[in-house]
1. Would you check which residues across the stretch 47-72 are free of Cβ contacts under 8 Å to residues at least 60 places away in the same chain and outside any helix (DSSP H, G or I) and list them?
2. Please go through the stretch 305-327 and pick out each residue that is aliphatic (A, V, I, L, M), in a helix (DSSP H, G or I) and crowded, with 18+ Cβ neighbours inside 10 Å.
3. Check the stretch 129-145 and report whether any residue there is crowded, with 22+ Cβ neighbours inside 10 Å and of a type in the set (G, A, S).
4. Is there any pair linking a residue in the stretch 16-42 that is within 19 Å of Y53 (Cβ to Cβ) to one that is among the basic types (K, R) and at pLDDT 95 or above, with Cβ under 9 Å and at least six apart or on different chains, and which?
5. Could you tell me which residue of the stretch 132-152 is nearest to Y278 (Cα to Cα), considering only residues that are in a loop (DSSP other than H, G, I, E, B) and more than 16 Å from the ligand (Cβ to nearest atom)?
6. Test of understanding: among E107, E44, which residue is under 22 Å from V196 (Cα atoms) and surrounded by fewer than 19 Cβ atoms within 10 Å (Cβ to Cβ)?
7. I want to confirm something. Restricting to the stretch 153-188 and keeping residues that are open to solvent by less than 20 Å² (accessible area, probe 1.4 Å) and farther than 16 Å from Y48 by Cα, which single residue is nearest to the ligand (Cβ to nearest atom)?
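The values are calculated or read from the model by the stated rules, or taken from the named source; none is laboratory data. Everything quoted here is computed from the prediction, not taken from an experiment. Neighbour counts are summed over all protein chains in view; Cβ atoms, including those assigned to glycine, are modelled from backbone coordinates with ideal geometry. Surface areas here come from the heavy atoms of the whole protein model, side chains and all, with no ligands, DNA or RNA. Shrake-Rupley method; radii C 1.70, N 1.55, O 1.52, S 1.80 Å.
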Amino acid sequence: MKIPFVDLKASYLTQKEEIDAAIKNVIDETEFINGKDIALFEKEFAQYCGSSYCLATNSGTSALFLALNALDIKQGDEVITTPHTFIATGEVITETGADIKFIDIDERTYNIDPRKLEPAITSKTKAIIAVHLYGYPCAMNAIVPIAKKYNLYVIEDCAQAHGAQYHGRTVPLGDIGCFSFYPAKNLGCFGDGGAVVFNDEKLKNSLISLRNHGRLPGQKYEHTNLGYNERMDSLQAAVLRVKLKALEQANEKRRILAQRYNAAFAHLEQEGKIILPYEESGVKPVYYVYTIRVKQRQSIMADLEKNGIPTQIYFPIPLHLQPAFAFLGLKKGSYPVAERIADEILSLPIYPELSVPQQDYIIAYLKKSLQQQV
Ligand SMILES: *Cc1c(COP(=O)(O)O)cnc(C)c1O
């Protein structure tokens, strides 16, 4: 068998007719920028997230960048985040001129460890970017009260967590949630796309303006502020509106696949050969990826690859050890949990179209490989 790591073609085929019609409609109307699908998608996605507002952007990275700018994060400020994330989370902080401050992660959830939050706060700290990595929500019940106590903004990187639930509420739960619709994400478009999701009406105009060359609603050739061009285009919104209707079911399929993996590997976890994803009661993750931890990762990856099973490492280098962040002067050993986990994590294929025979094949070969480990 040869199994793809993600199968965008299979996903497209499940909604082909509706997607093709939605794209054709945008072309027929030639409303490529700010077409009616933008406002409709924003309304529908805000509703899906249980939030008041959504503004569509041209990537997840620009959603994060706009969020920081709308909250007036700038030089002299500090923003706290996790070193165990995609580069974009850290990149945008530095690009505002603010200082980035990492705190180590929780060994079980792989998200920022809320016990490390309070000691890291200084008089310069303005915000926290909590990343719901792999679709598993951060410990928001601990993070939000600390942020309130010190008057900090909570920005959430929801790029891997569309629809993830935390004690009955859908993320985001803080000030601004930032989503990516990169094609492989739980909700993906046909190119780059993103969104900011929030409740505070006062943020709306500054986000609208920053996204669109500093124009306030109604302005065309007059610009009150300086901004950027970070709008989503109408074709992406049209595709997303169709795919959003299938998101709940798609996330449910991911959860069922995760449970099948968990059941199949439970005895190997007891033997200490593997660590499975953690799930706390009241938390409903959406399994953007299914990430295990193993000791002899290289040989297991090679065994699986040989048998047509691709795996990925999200992410092999923690941010503080990235060459791009060398200027921070953070050495190996600064964030020991993140570093150890980066050496052990391995993500297996998981997507709604992954069939039971395909999954059974992956299970059989991973079991075989693990049993051969000493
Ligand atoms: C995908 C991703 C982003 C960036 O999103 P883009 O749409 O690719 O710009 C940011 N953070 C995390 C955790 C991601 O997985």
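1. D72
2. First pass over the stretch 305-327, keeping only residues aliphatic (A, V, I, L, M): 309, 313, 317, 319, 321, 324, 326.
In the following step, the residues that additionally are in a helix (DSSP H, G or I) were identified as 319, 321, 324, 326.
Within the stretch 305-327, L319, L321 qualify.
3. Looking for residues that are crowded, with 22+ Cβ neighbours inside 10 Å and of a type in the set (G, A, S), one finds at least one in the stretch 129-145, hence yes.
4. Taking only residues 6 or more apart or on different chains, the pairs are N34/R231; D37/R241; I38/R231; L40/R241; F41/R241.
5. Here the residue is A139.
6. Numbers: E107 fails: under 22 Å from V196 (Cα atoms).
E44 is the lone residue from the list that is under 22 Å from V196 (Cα atoms) and surrounded by fewer than 19 Cβ atoms within 10 Å (Cβ to Cβ).
7. D157
For every residue, the table says whether it meets (1) at negative phi; (2) surrounded by fewer than 19 Cβ atoms within 10 Å (Cβ to Cβ); (3) hydrophobic (A, V, I, L, M, F, W, C); (4) over 20 Å from the mean Cα position of the chain (by Cα).
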site: S209; (1), (2), (3), (4): yes, no, no, yes
site: N212; (1), (2), (3), (4): yes, no, no, yes
site: Y221; (1), (2), (3), (4): yes, yes, no, yes
site: L235; (1), (2), (3), (4): yes, no, yes, yes
site: V239; (1), (2), (3), (4): yes, no, yes, no
site: Q249; (1), (2), (3), (4): yes, yes, no, no
site: R260; (1), (2), (3), (4): yes, yes, no, yes
site: V286; (1), (2), (3), (4): yes, no, yes, no
site: Q298; (1), (2), (3), (4): yes, yes, no, yes
